[in-house]
Amino acid sequence: MISSPRTSTNRKSTDRKLELYPHQEIEFLAQQTHDLIISIGGVGSGKTTSFVLWLLDRMQWDTAQMHALFAHTTVQLRAVMRIIYKQLDRIPGVGQRIFNCRPPKEWRIRWEKLGIQTPTTQDRYENVVIWPTGLHLQLGTLHNRSYEQYRGAEWGSVGVEEATLQGVTRDAIDFLFERTRCGESDEGVDCRIALGHRHTKILHGNPPESPDHWTWELLDTLEKSASVLPGAIKSEGEGYPNLIRGLGSAILITSKTSDNPRLPKAYIENQLARLDSETAQRRLGGALTRTKIGRVYGDFTKKNEYSVAYDPNRSVYPFLDFNRNPAVCGFAHPLNPGEYPSENERAGIKHIGVFGEFFHVGGMDAYEMANAILRGEWGSGGHFPDNWKGLANHEGPVVAFGDATARNKRMAGPNEWQIVNDVFRNGTRDQEGRSRYSVSLPDGGNPLVVFGVRSVNAKLCSAAGVRSLHVDPRCTELIADLLTCVWDKTGTDIQKYGERGGSKMHLRTHLSDGLRYMIHQLFPLGNERPPEATVVKLRPRKTIPDF
């Protein structure tokens, strides 16, 4: 329990108390002892509230310096400030604030009368929040190098929300850290001694999603430095025991979503039903795991093999990975209740079933494959139900998914998606000439492999044990992919194999890549969204290439 800061009228503590979670109390105390605080934990664990404690503490004794709070984007910054404002508004004399303007004259008179020191008066207060306690807080974002406008700034302390996001760079963090200073250490006298300054840097975030995020390197460096200090213990594996203990100038604080008792129980249950085990450990458990070895689709088992019927009147999802040898395309349906094991029934969870696969060894380009699929051919090693008559005879909507890089412009001629779109669109028209075909691709490029894999594993088996991706046993090529794909040495990509004499490993990974593109587009990291929300409207090409 800590008290709120002195109010703007009498500078005495109020009777209001803040109840802290263990990791919040550790962070609050660490502000008095550590130069760098890294708080990494589960979603909703209460990390952002710790920024409230940081500001309350600075209101008590450090109003003479400007402080700063950054987030990756403006939307994220607004979300953080809503939480901070909500907490501070409950405290008398603190909640009132001004933004983007000079402090009122009556505030300045009061500060001078009470001896409250404040930063030097500026000509502009752009993106600065000022409280009646005298605290000045500069707000900023890191997106698109927007932080560089603060090149001449000096801050007493700085906080960064969502510092572990993929878009936040090490250059941005170093830039902020370099400006967390005062320049008032005179003749060798440290400002910490002469003025009592503590230029604390605080980083908040969830465990980094990418194994090559700069956060891992920072943690490794800090742990290595702490491991040679007196009282250090041996670091083994991927843990950071000395950093967690706070040896040295930095401390790592971990937390779990379950540490926040104010979250509804259904929130965690719903997340577990949608996320794969690894993602749940990261997002909810705050687990700091980096290395990936072994099977990529480790959640696929015999329990995912289930008979999936083909319905010519239902939406069909072709998923493609453009490769000449083998040429591949899988086919899936949305499933209705009763078409999958009842023990996997959960409210709000959509099920999808793979019923067929086109698989051809020997070489086939995009135009040849698209036409073969229209005619109902299987390729040299494909598998389909008996009532499959080809995409041209399918009566329901057709939504294609696949490799987004295949839509990149070519030096000469159309790209693969332009070819496939022309063939499928013209080959799936109804009697009135209307096409039933559309395509769904990510707005940018393909997602990171690790993200797509987690989306697939979440559907294969969520952290709550719900299996909502089903593969018909006839699809032996896709099943072989799911059983044999492994991580490469970097742990960031799937091991690929070239053609070698006597080996068939080059046939693997392609069908499962197509499946990964589709699942991540429909269910990104466990989030459910309808395919029609992802569809790109196709414009007719002026000319159809002649092959």
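All of the numbers you see were taken from the coordinates with simple rules; none came from a lab. All values reported here derive from a predicted model rather than from experimental measurement. Reconstructed Cβ throughout: ideal geometry from the backbone, glycine too, with neighbour counts over all protein chains shown.
List of remarks:
- Simple Cβ-charge dipole of the chain, Lys/Arg +1 and Asp/Glu -1, about Cα centre, in debye nearest 20: 1260 debye
- Bridging of K350 to lysines at a Cα separation below 16 Å is possible for K459, once same-chain residues fewer than 8 apart are set aside.
- Protection proxy ranking, highest mean first, for peptides 336-348, 38-50: 38-50, 336-348, where packing is the per-residue count of other beta-carbon atoms within 10 Å, averaged.
- Global size of the chain as Cα Rg and Dmax, reported in angstrom: 28.5, 89
- Reducing the range 75-107 and the range 397-420 to their Cα centroids gives an inter-centroid distance of 50 Å.
- Around E368: net Lys/Arg minus Asp/Glu count, Cβ-Cβ under 13 Å: -1
- Straight Cα distances below 30 angstrom link K409 to the lysines K496, K537, K542, with same-chain residues fewer than 8 positions distant left out.
- Gyration tensor verdict on the range 302-533 (Cα atoms; rounded if a/c is under 1.5, prolate if a/b is larger than b/c, oblate otherwise): rounded
- Lysines whose Cα lies under 20 Å from that of K234, excluding same-chain neighbours fewer than 8 positions away: K224
- For the chain, the relative contact order is 14 percent, taking Cα pairs closer than 8 Å that sit 6 or more residues apart in sequence and dividing their mean separation by the residue count.
- Other residues within the sphere of radius under 12 Å centred on the Cβ of N344, judged by their own Cβ, net out at +2 (K and R +1, D and E -1).
- Pairs over the 30 Å Cα-Cα cut-off, from the set K201/K489; K86/K256; K256/K302: K201/K489; K256/K302.
- Part-to-part distance (alpha-carbon centres) for the range 264-292 and the range 123-152, which is given in Å: 34 Å
- For the range 63-151, GluC sites (Glu not before Pro) meeting the loop criterion (DSSP other than H, G, I, E, B) and having at most 15 other Cβ atoms within 10 Å: E126.
- Panel order for D212, D57, by other beta carbons found within 10 Å of each beta carbon, from fewest to most: D212, D57.
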